[in-house]
Amino acid sequence: MVDTKIFSLYKDLLKKYGDPEELWPDWCSKNKNLKTRELIALGAILTQRTSWRNADLALRNLIKENLHTLEKIAQLSDLKKLTGLVRPAGFYTTKPKRLLAFSKFAIEECGGIRGMLNQDMWPLRKKLLQVYGIGPETADTFLLYAFDKPSFVIDEYTKRFVRKYKLSAENKTYDYLKEVFEDALPKDVMLFQNYHVLIIVDQKGKEASRMENLII
């Protein structure tokens, strides 16, 4: 039985804040469909270096214009329309290129979301990290939330959480902190998802962390 400070903190946060699925209903859902997984993947790129509020505005623009599937984005030859739609998420010269690169990779090399769901986690992570604009945090967000694979996400909230509770020495690398959490916890997808959300809630507060349902 795993029994560490990190796991004990998880149980404390769960008792304090309740079920994370109530706060992130789509991202932490136990019954995601392929469309939801696709939107989560797009959202993971759009939220890079911006707030979810801004990323959500961009995602809703894509949905409104029926340009919210990997297949449709992968077929684009001109990024002008995509650039205008994702402008609320910032970095509008690079994020359209990242969306296109990921969409082409997903469709042409993996057989879409369904194909990635059927791949083993570590080989898929290695391939994701070779895609333009996909770093460790985004790759792990894909794996954990879009593909339901146990790959813990180390973002700024997690780093602050580590400092707050003195879980590691300062200035450790992404991979080091990822290993710290994964070694301390049962390898359980729902636990990883829930813990990551609870870490954000612990930093931002419950209401500020709440996500609305994705529009399908």
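Every number here is computed from the coordinates shown, using simple stated rules; none is lab data. Only a predicted model underlies this, so the values are computations on that prediction, with no experimental measurement involved. Every residue, glycine among them, receives a Cβ derived from its backbone with ideal geometry; neighbour counts consider all protein chains shown.
Just a few scattered comments:
- Extension gain, ASN118 back to GLU71 (0.36 nm per residue minus Cα-Cα distance, nm): 15.1 nm
- Taken one residue at a time, the phi angles of the range 53-61 give Karplus couplings (6.51, -1.76, 1.60, θ = phi - 60°) of 4, 5, 4, 5, 4, 5, 5, 5, 4 Hz. Gly and Pro are set to x.
- Taking the number of Cβ atoms within 10 Å of each Cβ as an exposure proxy, the fewest-first ranking of LYS126, LYS159, LYS206 is LYS126, LYS206, LYS159.
- Placing pseudo-labels 7 Å out from each Cα toward the beta carbon at TYR165 and LYS206 gives an inter-label distance of 1.8 nm.
- GNM result for the chain, Cα springs below 10 Å: residue of LYS32, LYS178, LYS164 fluctuating most strongly: LYS164
- If only the Cβ of Lys and Arg carry +1 and only the Cβ of Asp and Glu carry -1, the dipole of the chain around its Cα centre is close to 540 debye.
- Taking the longest Cα principal axis of the chain as reference, the axis of helix 34-46 is set at about 80 degrees.
- Correct choice for Rg and Dmax of the Cα atoms in Å that was computed from the model, options (i) 19.7, 77; (ii) 17.0, 54; (iii) 39.9, 146: (ii)
- For the range 34-146, the spread of Cα coordinates along the three principal axes comes to 35, 26, 23 Å, biggest extent given first.
- Degrees separating the helix 189-204 axis from the principal Cα axis of the chain, which is the longest one: 80 degrees
- Spin-label proximity, LYS172 to the range 103-141 - amide N less than 18 Å from point 7 Å beyond Cα toward beta carbon: 136-137
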